[in-house]
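K.L.:
I'd like to ask you about the structure that follows.
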Amino acid sequence: MVEANHDTLGFLVVEVARLLRRRYDRALDRAGLGLTHAEARTLALIGRAPGRRQASLAEALAIEPMTLTGLLDRLEAAGLVARRTDPADRRAKLVAATPKARPALGAIAAVAASVLDETTRGLSIAEVEAVRVALAQMRENLAAEAPADALA
């Protein structure tokens, strides 16, 4: 019987992602924000790009619009985000963080920095950047639409 190599690239990427998510969830819990990973990620993106349309946010987060609606409902109920009608298209909603979100955004950034520091311990700045570039390229490759003939 052939023994599986658990150090294959695919296995390592999935395992690192799982462990990173677990570490981030625990750090968020310790920070006492009362936010899930998905809510924190959504709020952080809104904080970096205020006044963005909901559809654009869903695309940037790579989630379904209905999933985003639920996240925004919870963040809005907590007073952390506000939605308003886009004056350029009354069917669209623009989303922005509220002033109440500032402390949470600072805590989310601190959690993310702490987890990143822990994750990249022992790696040089150049190594971290090389991994980031490689993963970004892999994401682009996987996100690209497959040619029609490849699906046949």
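K.L.:
Give the accessible surface of the chain per residue, rounded to a whole number of Å², with probe radius 1.4 Å and ligands, DNA and RNA excluded.
P.N.:
Counting only protein heavy atoms, the per-residue value for the chain is 70 Å².
K.L.:
Quick one: if you stick a label point 7 Å off each Cα along the C-beta vector at residue 140 and residue 85, how many nm between them?
P.N.:
Going from the residue 140 label point to the residue 85 one covers 4.0 nm.
K.L.:
Would you mind getting me the FRET efficiency between residue 19 and residue 63? Use the beta-carbon distance for r and R0 = 25 Å, nearest 0.05.
P.N.:
0.70
K.L.:
Let me ask you something else. Ignoring ligands, DNA and RNA, what percent of the 1.4 Å accessible area of the chain is carbon and sulfur? Working shown, then result.
P.N.:
On the way: 6300 of 10670 Å².
So the carbon and sulfur contribution to the accessible surface is 59 percent.
K.L.:
Once fully extended, how much extra length lies between residue 12 and residue 131, figured as 0.36 nm per residue of separation less the alpha-carbon to alpha-carbon distance?
P.N.:
41.6 nm
K.L.:
Distance between the C-alpha centers of the stretch 62-116 and the stretch 29-46? Whole Å please.
P.N.:
That distance is 10 Å.
K.L.:
Which one, 117, 29, 89, has the greatest fluctuation when you compute a Gaussian network model over the chain with C-alpha springs under 10 angstrom?
P.N.:
In this elastic network of the chain, the residue with the biggest mean-square fluctuation among 117, 29, 89 is 89.
K.L.:
Then there's this: I want to verify a result. In a Gaussian network model of the chain, Cα cutoff 10 Å, which of these has the top mean-square fluctuation: 19, 71, 28?
P.N.:
In the Gaussian network model the winner is 19.
K.L.:
Given +1 on the Cβ of Lys and Arg, -1 on the Cβ of Asp and Glu, and no further charges, what dipole in debye does the chain carry about its Cα centre, rounded to the nearest 20?
P.N.:
920 debye
K.L.:
Using Cα pairs under 8 angstrom and six or more residues apart, how large is the relative contact order of the chain, in percent?
P.N.:
For the chain, the relative contact order is 22 percent.
K.L.:
Rounding to the nearest 10 and keeping the result within 0 to 90°, find how far the Cα-based axis of helix 125-143 lies from the longest principal axis of the chain.
P.N.:
80 degrees
K.L.:
What is the Rg over Rh value, at two decimals, for the chain, using alpha-carbon atoms and the Kirkwood definition of Rh?
P.N.:
Ratio of gyration radius to Kirkwood radius for the chain: 1.04.
K.L.:
Same structure again: If you add up the charges near residue 134, with Lys and Arg at +1 and Asp and Glu at -1, over every other residue whose beta carbon is less than 14 angstrom from its beta carbon, what do you get?
P.N.:
Every neighbour counted, the sum reads -1.
The values are calculated or read from the model by the stated rules, or taken from the named source; none is laboratory data. As the structure is a computational prediction, the values presented were derived from the model and not from experiment. Glycine also receives a Cβ, built like all others from the backbone with ideal geometry; neighbour counts cover every protein chain displayed. Side chains included, ligands, DNA and RNA excluded: accessible areas come from the protein's heavy atoms. Shrake-Rupley method; radii C 1.70, N 1.55, O 1.52, S 1.80 Å.
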